[in-house]
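See below for the structure under consideration.
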Amino acid sequence: DTAVSQTPKYLVTQMGNDKSIKCEQNLGHDTMYWYKQDSKKFLKIMFSYNNKELIINETVPNRFSPKSPDKAHLNLHINSLELGDSAVYFCASSQDGREGKGAFFGQGTRLTVV
Amino acid sequence: SQQGEEDPQALSIQEGENATMNCSYKTSINNLQWYRQNSGRGLVHLILIRSNEREKHSGRLRVTLDTSKKSSSLLITASRAADTASYFCATGANSKLTFGKGITLSVRP
């Protein structure tokens, strides 16, 4: 009964490949997010969706394309992977699209591009 | 752009001592939140304080907010070895959470 689950937990792939990370939340939240955490633990928001609608896109390269088939799912597809994409990617969700109630995070997907 | 800046960047204390972590931010906020991240895990929401609040308690946690100085502090009392983790402050505004760089807390048994 995990609240926010993302798969896979680890992903190792070669440069130039295309990969996807899936995220699902069973909390009934309206808003879902993708964050990237670099090797220095700095967390940066990438995307935010509210009821399947994109509301935040923080100047992420076009190679990253989020897809929200319903409000419980927000998947992240990455084309033409580059070495600099190596990081831990976190999915999160919150209630009502407002940050005022705190966000729930998944366990992260460690992406390594070789 | 990064909003919160925590200090110190690393803190090592003995079990039973109190740990104080500070966070400063730059722009207007609706609220400020603190999260904990254990090694290799996701972030866990600890406590949220709204911009019109000055102090809030939750168990062994006490958070303060000074909007005039754009700063917040998180106090963990009677620390335990299990409190060893990275702690992040995050500012909430415009449906977005912006995180600081984090503080690494080590509690020695």
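Please treat every number below as a calculation from the coordinates, not as lab data. Note that this is a predicted model, so its numbers are computed, not measured. Backbone-built Cβ (ideal geometry, glycine too); neighbour counts: all protein chains shown.
Observations, loosely collected:
- Sorted by Cβ density within 10 Å, fewest first, the residues B:Glu15, B:Glu6, B:Glu55: B:Glu55, B:Glu15, B:Glu6
- Sparse-neighbour loop sites [trypsin sites (Lys or Arg not before Pro); the stretch B:52-109; at most 12 other C-beta within 10 Å; DSSP]: B:Arg54, B:Lys69, B:Arg80
- Proxy reagent accessibility, fewest Cβ within 10 Å first, across A:Val88, A:Val114: A:Val114, A:Val88
- Label zone at B:Arg108 (point 7 Å along Cα-to-Cβ), backbone N below 17 Å, the stretch B:9-30: B:10-20
- Relative to its residue count, chain A spans a Cα convex hull of 93 Å³ per residue.
- Each Lys and Arg adds +1 at its Cβ and each Asp and Glu adds -1 at its Cβ; summed about the Cα centre, the protein assembly as shown shows a dipole of about 100 debye.
- Counted by neighbouring Cβ atoms within 10 Å, the residues A:Tyr33, A:Tyr49 run from fewest to most as A:Tyr49, A:Tyr33.
- Between the stretch B:76-109 and the stretch A:1-76, the alpha-carbon centres lie 22 Å apart.
- Gyration tensor (alpha-carbon) shape descriptor, the stretch B:22-68, a/c threshold 1.5: oblate
- Sites A:Asn57 and A:Val114, calculated FRET efficiency, Cβ-Cβ separation with R0 22 Å, nearest 0.05: 0.20
- P(r) tail fraction, chain B - alpha-carbon pairs more than 18 Å apart, %: 43 percent
- Gain in span if fully extended, B:Thr20 to B:Thr67, counting 0.36 nm per residue against the direct Cα distance: 15.1 nm
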